[in-house]
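For reference, the structure is listed below as structure tokens.
The values are calculated or read from the model by the stated rules, or taken from the named source; none is laboratory data. Given the structure is predicted, the values throughout are model-derived calculations rather than measurements. Cβ placement follows ideal geometry from the backbone for every residue including glycine, while neighbour counts extend to all protein chains displayed. Protein only, heavy atoms only, side chains kept; ligands, DNA and RNA dropped before computing areas. Shrake-Rupley method; radii C 1.70, N 1.55, O 1.52, S 1.80 Å.
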Amino acid sequence: MKMSAILKKEFLVFFRNIGLVMFILYAFTLDIYIAGKGIKVTPRHVSIGYVNEADNLIVNKIISHFHSPQFKKPKLFLSEKALKNAIYNRKIMVGIVFSKEFVKNLISGKVAKLQVLIDSTAAAQAEVTLIYLQNILMNFEHKIKIPANIDIIKLFNPNSNTKWFMSLSELMSNITMLGLILIAVVFVREKENGTWDIMLLMPVKGSIIIFSKILSQVLILMVGITISVGLIIFGIFNTPINGSLFDFYLISFLFSFAIGGIALVIAAISKTILEVAHLTIVIMLPLIFLSGAWTPLSSMSPFIQFLSYFSPLRYYIQATQDIFFRGSGFVDLLPYFGAEFLMAVILFYIGYRKIGRLF
Amino acid sequence: MEILKVKNVSVSYGKKIAIKNASFSLKDQEILGFIGADGAGKSSLLHAIAGVVSFDGEIIYKNYTYHSPKEAEKIKNEISLMPQGLGLVLYDFLSVKEHFDFFRDLRGLKKDEEYEKRLLKMAGLYEFQDRLAGNLSGGMRQKLSLILSLLARPKLLILDEPTTGVDPISRAELWDIVNEMREEGMSAIISTAYMSEASKMDRIMLFDEGEIIASGRADELIENIKDYTYEGEIESKECFSFNKRTYCLKPLNLKKATPTLEGVFFVNALKKGKKPIIFEIPKKQIDIPNIIVEAKCLTKKFGAFIADNCINLELKKGEILGLLGANGAGKTTLIKMLLGLYPIDEGELYLLGKRIKSYEDRIELKSKIGYVSQKFALYKDLTIRENLEYFAKMHGLNMSESSKKIKEYSQMLGFEEYMDNFPKEVPLGINQRFSVAAALLHEPVVLFLDEPTSGVDTVARSAFWKLIRKLKANMGISILITTHYMSEAEYCDRVAVLKRGVKIVDDKVENLHKKYPGLDFEDIFLNIYKEKQNK
Ligand SMILES: Nc1ncnc2c1ncn2[C@@H]1O[C@H](COP(=O)(O)OP(=O)(O)OP(=O)(O)O)[C@@H](O)[C@H]1O
Ligand SMILES: [Mg+2]
């Protein structure tokens, strides 16, 4: 009863703020569309692995062209299988297999075939890496005047559709941002309008007020996600979904609460909505950076990779990509659900303690 | 010499016409007062003159004619407007001193130490220059906005209810300043809800429902109502009573009294066929202890500053206790401690016989307490009906109970026609009544009202006090109320006076009258404040 009163009130307030509603609609539709269509990414610290079956100097020559800052030092693998495994586990993004054939053909002036494996779940980076690879080989061709063909095997995202990735990544960044803002604002608005005291004087437990307020915004987020996935992701970009949509909603729901915990901390320390906006940006950037949305985790330093375990967005993105592109089922996703749930519980507890002090 | 000519000015917001065809002129060095009920159109006309809203008609300032805010840009450095509302123009995170720097820069003024010091002293803010505006009391905020509008020494000063929530001592000082600046060539248009202030102006214009219905000196306006003014207060369906006078169109068997400006409102209302609201409040017995609130040496500190210093206070069952004191004396702080909105630094608090220590101690008591804050804080994105429904539900009323109660109170308190408006769209007096309704829905046994009548028009205030006393008489509710209208203190059973965080008087109103025979309560208050010089 009391919860429904709070929910109703928060929905009314939300819909009467036309500006906010428009912004949210924009972030869930047009912005996702633009991101899917547009962004170009230069590779940074892309991790490369290779198999050198030929054990030839030419191979080392080619490999030496992959250097920082675009690439990390290429890693040697003993078999194609080990390389594939590393890619599956996201340790490596691009794998090159130098077969005996390749080197032989290269030397003898025939058409040489090079096999490249890429983790296309980070399609943008993979694609640009390929262009680099082509350029490097091209330079070689000029010197030794032999044609080389690149045989690309794309893992997990056979069509390597950049827009699918970019739009999903953008959606997840936006959910993070909007989750932080919306949830922090339901509290801070009460401070700004001077209704905080009135709220405290209601004969309702603080925990119920806090929970209902968050729930109202999580539901708004869910509606936004539905609009975005339906209209843009499926509707315009025709993104395939190999796993189950239910799993995606479940992980989104868990993620919203993890974000809600952080938003509570923001709400506790901000006095104005402007402060919320500032803090959101400050907090959002590392969250996204640590999640692997922009730069694949496998190409980050071990310390940062370790830190990334504390970003709720990491599990969200990985689970989402797995649901959409790898078609992972519920059981395969359990680790993500578990981790996200844990994050939600921990962050929520911290946030709750922090804002609870104001009640 | 005329400095301002207003010709057929109308202002409307959508369909609603706020002021229609207003015409008047203002002489050099003249101080003109605007009085009238809430929503009568005073603010709209003031805003049109200051060139901040668009209007129809023509305004001529000196020799410059303007028809729109854009055209008014040219003269804005000679005009200064202070809008209504508790410190709306302030930035919560700037200190008092920084506000001065900011406004000086904004207006391109040279620093005048002496003058600024005077303004600060007048507002009682001299010692608090480093305090953030957000931490000032309501009245202190009002006074800060006021002196900021005086900073530029405007040629034409436009003040929209500048003294709302300002204590009597500062009000007197404000008039000294305005008079002095008039000597230096300033003219002013000031709207006010304090009739004692309006009497001091050169000329007064009375507004009613978007029209100027009378204008003249105070004594001229009063002249018209002397036939309808009687001594004492009575309970009647056809006459208004307020502040020891009764106003009635039909002859009464009472002694005639010398009218005051306040009477103009009542007589005007009567002439338009308005009747006082009769509040039908069912009689009820409530079973509560005799002492509702007992505070023992309550203390609140903000850093090194002591806002409330060891205050002892008792509120008995069915009692109206007036909490008086200058701006910043610690009234709101004390109420917030009683409500549990501020932690108590020292002292003990008992509510309804129960020692209050923690959050948990309070939660069940919350349903027994009603509170109206100094800012009438309600949800501005919800209509009045939605606001009330929300509060009712939060207090655990079910659908049918809640709609019944809401209907009852909206009729009882006379805001039924505004139910589907947003709080911003209705006059302050209506907001005040609906805040009280929101605080009453759950039938509390004690009400805390922080300046519920500040900025509310005379007729609405008289209705409000009738309601309060009825609530007390019929429902046995105890009420703790703060006000800066000293005449309203007469309606309290007892008053406690705070000065700089210390309680200096706590006595029955009748006893104070005995102690200071022949004085009205404003003078009694000023006397008390002068006598008890703490610090
Ligand atoms: N959060 C705060 N930090 C610092 N000082 C504060 C804070 N809140 C209030 N004060 C100071 O405490 C004093 C008492 O303020 P309070 O609001 O109780 O006054 P008041 O009696 O209600 O005045 P008014 O009649 O103007 O409403 C003021 O000097 C005010 O500036
Ligand atoms: Mg106050």
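Values as computed for the structure displayed
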read-out: Which listed residue is among the β-branched types (V, I, T), crowded, with 18+ Cβ neighbours inside 10 Å and away from ligand 1 (no atom under 16 Å from the Cβ), from B:I286, B:I363, B:I369, B:I278; value: B:I369
read-out: Top-ranked residue of the stretch B:398-427 - restricted to ones that are open to solvent by 20 Å² or more (accessible area, probe 1.4 Å) and among the aliphatic types (A, V, I, L, M), ranked as modelled with the highest pLDDT; value: B:M399
read-out: Residue in the stretch B:474-494 that is in contact (Cβ under 8 Å) with a residue 40 or more places away in the chain, charged (D, E, K, R) and closer than 24 Å to B:R362 by Cβ present; value: no
read-out: Some residue of the stretch B:150-161 being out of contact with any strand residue (DSSP E or B) (no Cβ under 8 Å at 6 or more places or on another chain) and either open to solvent by less than 10 Å² (accessible area, probe 1.4 Å) or not in a loop (DSSP other than H, G, I, E, B) (or both); value: no
read-out: Selection from the stretch A:189-234 of residues that are in contact (Cβ under 8 Å) with a residue 40 or more places away in the chain, touching a Ser or Thr at 6+ places or on another chain (Cβ under 6 Å) and within 14 Å of chain B (Cβ to nearest Cβ); value: A:E192
read-out: Selection count where residues are within 16 Å of ligand 2 (Cβ to nearest atom) and touching a helix residue (DSSP H, G or I) at 6+ places or on another chain (Cβ under 6 Å), scope the stretch B:448-476; value: 6
read-out: The stretch B:241-275: number of residues that are hydroxyl-bearing (S, T, Y) and open to solvent by 30 Å² or more (accessible area, probe 1.4 Å); value: 2
read-out: Failed item, numbered, when B:K466 is tested on (1) part of a helix (DSSP H, G or I); (2) crowded, with 20+ Cβ neighbours inside 10 Å; (3) within 16 Å of ligand 1 (Cβ to nearest atom); value: (3)
read-out: Selection from the stretch B:25-50 of residues that are touching a Lys or Arg at 6+ places or on another chain (Cβ under 9 Å) and at positive phi; value: B:Q29, B:G36, B:G41
read-out: Residues that are open to solvent by less than 10 Å² (accessible area, probe 1.4 Å) and out of contact with any Asp or Glu (no Cβ under 6 Å at 6 or more places or on another chain), drawn from the stretch B:21-31; value: B:A22, B:L26
read-out: Among (1) away from ligand 1 (no atom under 16 Å from the Cβ); (2) open to solvent by 20 Å² or more (accessible area, probe 1.4 Å), the one test that B:L349 misses; value: (2)
read-out: Among (1) away from ligand 2 (no atom under 16 Å from the Cβ); (2) at the interface with chain A (Cβ under 9 Å from one of its Cβ atoms); (3) of a type in the set (D, E, K, R), the one test that B:K375 misses; value: (1)
read-out: Within the stretch B:356-372, considering residues that are part of a helix (DSSP H, G or I) and of a type outside the set (A, V, I, L, M, F, W, C), the one farthest from the other protein chains (Cβ to nearest Cβ); value: B:D361
read-out: Those residues of the stretch A:325-359 which are of a type in the set (D, E, K, R) and within 18 Å of A:V265 (Cα to Cα), in sequence order; value: A:R353, A:K354, A:R357
read-out: Counted residues, the stretch B:308-351 - those being more than 16 Å from ligand 2 (Cβ to nearest atom) and within 14 Å of chain A (Cβ to nearest Cβ); value: 3
read-out: For B:K508: the one exception among (1) surrounded by 16 or more Cβ atoms within 10 Å (Cβ to Cβ); (2) within 30 Å of B:P282 (Cβ to Cβ); (3) modelled with pLDDT of 95 or more; value: (1)
read-out: Test for B:A133: is it over 27 Å from A:T272 (Cα atoms), within 16 Å of ligand 2 (Cβ to nearest atom) and not hydroxyl-bearing (S, T, Y); value: no
read-out: Restricting the stretch B:214-240 to residues that are part of a loop (DSSP other than H, G, I, E, B) and in contact (Cβ under 8 Å) with a residue 40 or more places away in the chain, the residue that is surrounded by the fewest Cβ atoms within 10 Å (Cβ to Cβ); value: B:K237
read-out: Single match in B:G185, B:G139, B:G124, B:G165 (criterion: in contact (Cβ under 8 Å) with a residue 60 or more places away in the chain, more than 18 Å from the chain's Cα centre (by Cα), more than 14 Å from chain A (Cβ to nearest Cβ) and within 13 Å of ligand 1 (Cβ to nearest atom)); value: B:G124
read-out: Residue identified as within 13 Å of chain A (Cβ to nearest Cβ), farther than 30 Å from B:T192 by Cβ, in a helix (DSSP H, G or I) and in contact with a helix residue (DSSP H, G or I) (Cβ under 7 Å, 6 or more places away or on another chain) among B:K393, B:K405; value: B:K393
read-out: Matching residues in the stretch B:337-380 - criterion: being of a type outside the set (A, V, I, L, M) and within 23 Å of the chain's Cα centre (by Cα); value: B:G370, B:Y371, B:S373, B:Q374, B:K375, B:F376, B:Y379, B:K380
read-out: Residue in the stretch A:192-212 that is hydrophobic (A, V, I, L, M, F, W, C) and surrounded by fewer than 18 Cβ atoms within 10 Å (Cβ to Cβ) present; value: yes
read-out: Only one of B:E173, B:E184, B:E211 that is open to solvent by 10 Å² or more (accessible area, probe 1.4 Å), more than 16 Å from ligand 2 (Cβ to nearest atom), within 17 Å of B:A123 (Cβ to Cβ) and not hydrophobic (A, V, I, L, M, F, W, C); value: B:E173
read-out: Yes/no for A:N52 being within 27 Å of A:V103 (Cα to Cα) and either within 14 Å of chain B (Cβ to nearest Cβ) or surrounded by 14 or more Cβ atoms within 10 Å (Cβ to Cβ) (or both); value: yes
read-out: Count of the stretch B:270-290 residues which are among the aliphatic types (A, V, I, L, M), touching an Asp or Glu at 6+ places or on another chain (Cβ under 9 Å) and closer than 30 Å to B:L221 by Cα; value: 2
read-out: Answer residue from the stretch A:14-24, given it is away from chain B (no Cβ under 14 Å) and under 13 Å from A:L182 (Cβ atoms) and is surrounded by the most Cβ atoms within 10 Å (Cβ to Cβ) among those; value: A:I24
